[in-house]
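The values are calculated or read from the model by the stated rules, or taken from the named source; none is laboratory data. Because the structure is a prediction, the values reported are computed rather than measured. Cβ coordinates were reconstructed from backbone atoms using ideal geometry, including for glycine residues, and neighbour counts include every protein chain displayed.
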Amino acid sequence: MKPSDLSTLPDGVPGALEAEGIEEFYPPQADAVEKGVADGESVVASVPTASGKTLIAELAMLSAVKRGGKALYIVPLRALASEKKAEFERWEEYGVDVGVSTGNYDSDGEWLASRDVIVATSEKVDSLVRNGAPWVDDLTCVVADEVHLVDDSGRGPTLEVTLAKLRRITRDLQVVALSATVGNADEVADWLDAALVESDWRPIELKTGVHYGNAINFADGSQREVPVGSGEKPTAALVADALDETEGGTRGSSLVFVNSRRNAEGAAKRLADVTAERLEPGEKRELEELAREIRDVSDTDTSEDLADCVRNGAAFHHAGLAGEHRSLVEDAFRDRLIKCICATPTLAAGVNTPARRVIVRDWKRYDGEFGGMAPLDTLEVHQMMGRAGRPGLDPYGEAVLLAKDRDTMDELFERYLWAEPEAVQSKLAAEPALRTHVLATVASGFATTREGLLAFLDRTLYASQTDDDDRLAEVTDRVLEYLEANEFLDRDGDTLTATGIGHTVSRLYLDPMSAAEIVDGLREGAAAGGASAGSKPRSSQANAAGGAPDDPEEAGFVTGSDLAADAGGDGDGAGDGDDVELTPLGLYHLVARTPDMYQLYLKSGDRERYEEQFYEREAEFLGHAPSEFEDVAWEDWLAALKTARLLEDWASELDEDVITERYGVGPGDIRGKVDTAEWLLGAAEQLANELDLDVVLDVREARKRVEYGVSEELLDLTGVRGVGRKRARRLFEAGIETRAELREADKSVVLGALRGREKTAENVLRAVGRGDPSMDDVESDAAASAAATAGSEGDSAGRSPASSRAESGDDEDGGQATFGDFS
Ligand code: ADP
């Protein structure tokens, strides 16, 4: 069967597919077509990595659009959304408009109404549903990519509930769920009332094996000799061996999976020696060029290290990399310029980077719950192994695990080569997941009674998998109690309604526990009298006027920290409002300890360091600090402090590379934390507003400082388009401290402060509303230039997530843009 056999696709599409080299459908694709995927039927496709799942989704979506419908493609990671959008944009030529929904959780995405195909993460879709985005009602086809991730306790429940809601909104919605091969695809298909396409077929042969001693022992019984020299690592021998083989006309590239970012970087550095020896002269030149592009992305150690590896033909890939680094590396690997990537498992999920040889070096990973190194799931290792083999380039793919001794080899065979992948199990019946989803389900009107709520939850995978109906009801009741105690829900007899604040929490996409913690902290901040001034008794006035209760206890508030805190704990000193000083650090700490922020880990020595800082700055913390004797809660509190200090450093204009060094993180992590803090502080601002707490301005200032990465004194200037933290600092040092001053300033001073860049200076003046921004015949002021340089000396690397586009290379002008993080 081939594309032109289908009459359901928009005109021109079958020809275009055939021109792309899709001459025949792969067997699982043909099976899906037979089961009606192009005719609006729901299908679950559980097939191996790289066997053409995306095309199954495209056939469904394009056919739906041709019938006058609208399709949604749900991706598991934010970073994949733009990649998929770019892929689907090739259909615009045939009249199919594509849009991607990223950005803020709470925007309602109205412009997406005009698109035929929309790409979004499940969190984003959930948020759009909560916010009542009108086009959601028009969807006729929904694709869930990597649907086996419903098994993930962190993000799975959102996908699960979102699919249930979408199916509830649109009867007869076509659902196409794409999955890795899992143990119970039939259960997933039952849940979604979908036909099942299940297959082990792969477009290219995959040989799996274990390297032990001097050979790879393949599961099919064959062997391949790969001797390991003395002092040589098996991974190096395997990478070299693949590169030295030119079977099929191309040298084999390798993908090495390891268990941590640090290991990915370390392994890439070592393997760069192996690849460097095997480069052609032309490749060396191209790699030097690529290394330069990588250095240009940011001035950090990570960027330097990556460039050093890349010029030698190797690279590392992990979630701490900037998005641009990631795509440069992925593209160069697909172009066969980079010979070896050392990656954490995030690369296995969704990024199409096939290699001749996949080496799963680490099959254990640190797991806090397990309390040590735990073996990876079979499913996860199979997905890594599935990246082996580049169709059309390699004769076959090889996936290799490593064993030091015979027993380990036997274990690896049992565990990964001969084992079936695990079954997918819903993680919905856990309190944190239900807390969020129960509130949202009530707030967006999907259920108005406890019974209605349970009936809705009955449509989830959890319900279809469990025999124990009572368990879901029990957890739901506990969650309802929690939501009621925190005044997010009202219960009147049987009827459930969300309160005003409950609606806000749901719309803002906050975990109710985060919201409770934030509201609690803000109330204390307001009671302390707001701002930096510290002593202004603003709150009592506000309370007299607005009627907000002074004492959170009186409002019946059960806060996250109270719930977590041992009733006897009394180690705090903060928490009673009197001696609290409202500062950005306190607010950063408040949002950093919510369940919506991934905190930084405490490393060795950190506990003492942050304990000391806690006592020094005790008055700034909002909420009830646990006692030092409550080990886990205390560690959490300190980890939040470490995270808050990172944000404070960022908002004090510290260099990005100083921050990465000080906290042991990558630039991508700074961006991730900054983005999350910005979102949570924005939410805090709205909550403060709604509750009439007199802290709105303080919260806004803290948020803006994080957004721009600047001190208070630069806030006015950084709001100007094209002025990020670096330029604002230079203007400020040259004596231009506000927008008003910038509007009136001597042009030569502006030009001097902006390092003589005329175009930049003109754009900045235009943005600030200057009538005649022209820099023709203006001489740069030497004193301003000197002052600016001196002032921004320590700021050489100040690329912020918000301003790096605007200021990259200090040449380009553009809007403030935020990068997505690999969440
Ligand atoms: P998966 O999502 O299953 O991991 P992809 O959809 O990314 O796999 O497909 C892997 C590659 O196979 C893509 O480059 C795609 O263009 C190609 N491909 C898919 N279907 C066919 C086909 N029928 N014939 C030839 N190539 C195909």
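What to note about this one:
- Region 681-732, residues that are acidic (Asp, Glu) and not in a helix (DSSP H, G or I): Asp692, Asp694
- Only a single item in (1) modelled with pLDDT under 95; (2) of a type in the set (Ser, Thr, Tyr); (3) under 21 Å from Asp520 (Cα atoms) is not met by Tyr663, and it is number (3).
- From the list Leu489, Leu480, Leu472, the one residue that fits, being under 11 Å from Ala429 (Cα atoms) and either buried (at least 19 other Cβ atoms within 10 Å of the Cβ) or touching a helix residue (DSSP H, G or I) at 6+ places or on another chain (Cβ under 8 Å) (or both), is Leu472.
- Checking Arg292 against (1) closer than 19 Å to Ala343 by Cα; (2) under 29 Å from the mean Cα position of the chain (by Cα), the condition it does not meet: (1)
- Arg285 being in a helix (DSSP H, G or I), more than 19 Å from Gly664 (Cα to Cα) and either modelled with pLDDT under 95 or within 23 Å of the chain's Cα centre (by Cα) (or both): no
- The set of residues in region 14-54 being within 10 Å of the ligand (Cβ to nearest atom), of a type in the set (A, V, I, L, M) and farther than 17 Å from Leu196 by Cβ consists of Leu17, Ile22, Ala50.
- Check on Ile204, surrounded by fewer than 21 Cβ atoms within 10 Å (Cβ to Cβ) and in contact (Cβ under 8 Å) with a residue 60 or more places away in the chain: yes
- Subset of region 49-73 that is of a type in the set (Ser, Thr, Tyr) and part of a loop (DSSP other than H, G, I, E, B) - its residue that is modelled with the lowest pLDDT: Thr49
- Pairs with Cβ under 6 Å, 6+ apart, first in region 163-184 and touching a residue at least 40 places away in the same chain (Cβ under 8 Å) and within 14 Å of the ligand (Cβ to nearest atom), second in a strand (DSSP E or B) and of a type in the set (A, V, I, L, M): Val176/Val43; Val176/Val143; Ala177/Val44; Ala177/Ala144; Leu178/Ala45
- Selection count, region 447-469, where residues are surrounded by 14 or more Cβ atoms within 10 Å (Cβ to Cβ) and assigned to a helix (DSSP H, G or I): 11
- Residue pairs meeting the criteria (Cβ under 8 Å; at least 6 apart or on separate chains; first free of Cβ contacts under 8 Å to residues at least 60 places away in the same chain, in region 32-57; second more than 11 Å from the ligand (Cβ to nearest atom) and in a helix (DSSP H, G or I)): Ala38/Ala60; Ala38/Ser63; Asp39/Ser63
- Assessment of region 651-658 against the conditions (crowded, with 18+ Cβ neighbours inside 10 Å and either in contact with a Cys (Cβ under 9 Å, 6 or more places away or on another chain) or not acidic (Asp, Glu) (or both)) yields at least one matching residue.
- Only listed residue being closer than 12 Å to Leu600 by Cα, within 19 Å of the chain's Cα centre (by Cα), of a type outside the set (Phe, Trp, Tyr) and part of a helix (DSSP H, G or I), chosen from Lys673, Lys642: Lys673
Okay, residues lined up against (1) surrounded by fewer than 21 Cβ atoms within 10 Å (Cβ to Cβ); (2) of a type in the set (Lys, Arg); (3) within 15 Å of the ligand (Cβ to nearest atom):
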{"residue": "Met384", "(1), (2), (3)": "no, no, yes"}
{"residue": "Arg387", "(1), (2), (3)": "no, yes, yes"}
{"residue": "Gly392", "(1), (2), (3)": "yes, no, yes"}
{"residue": "Pro395", "(1), (2), (3)": "yes, no, no"}
{"residue": "Ala399", "(1), (2), (3)": "no, no, yes"}
{"residue": "Ala403", "(1), (2), (3)": "yes, no, no"}
{"residue": "Arg406", "(1), (2), (3)": "yes, yes, no"}
{"residue": "Glu411", "(1), (2), (3)": "yes, no, no"}
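- Any chance Val424 is in a strand (DSSP E or B) and surrounded by 24 or more Cβ atoms within 10 Å (Cβ to Cβ): no
- Pairs linking a residue in region 380-391 that is touching a residue at least 12 places away in the same chain (Cβ under 8 Å) and farther than 12 Å from Thr346 by Cα to a residue that is of a type in the set (Gly, Ala, Ser) and within 11 Å of the ligand (Cβ to nearest atom), with Cβ atoms under 8 Å and 6 or more positions apart or on different chains, are His382/Ala180; Gly386/Ala50; Gly386/Ala180; Gly386/Ala348; Arg387/Ala50; Arg387/Ala348; Gly389/Ala50; Pro391/Ala50.
- Scanning region 412-431 for residues that are over 18 Å from Met384 (Cα atoms) and out of contact with any helix residue (DSSP H, G or I) (no Cβ under 7 Å at 6 or more places or on another chain) turns up just one, Ala430.
- Verdict on Val197 being among the hydrophobic types (A, V, I, L, M, F, W, C) and assigned to a helix (DSSP H, G or I): no
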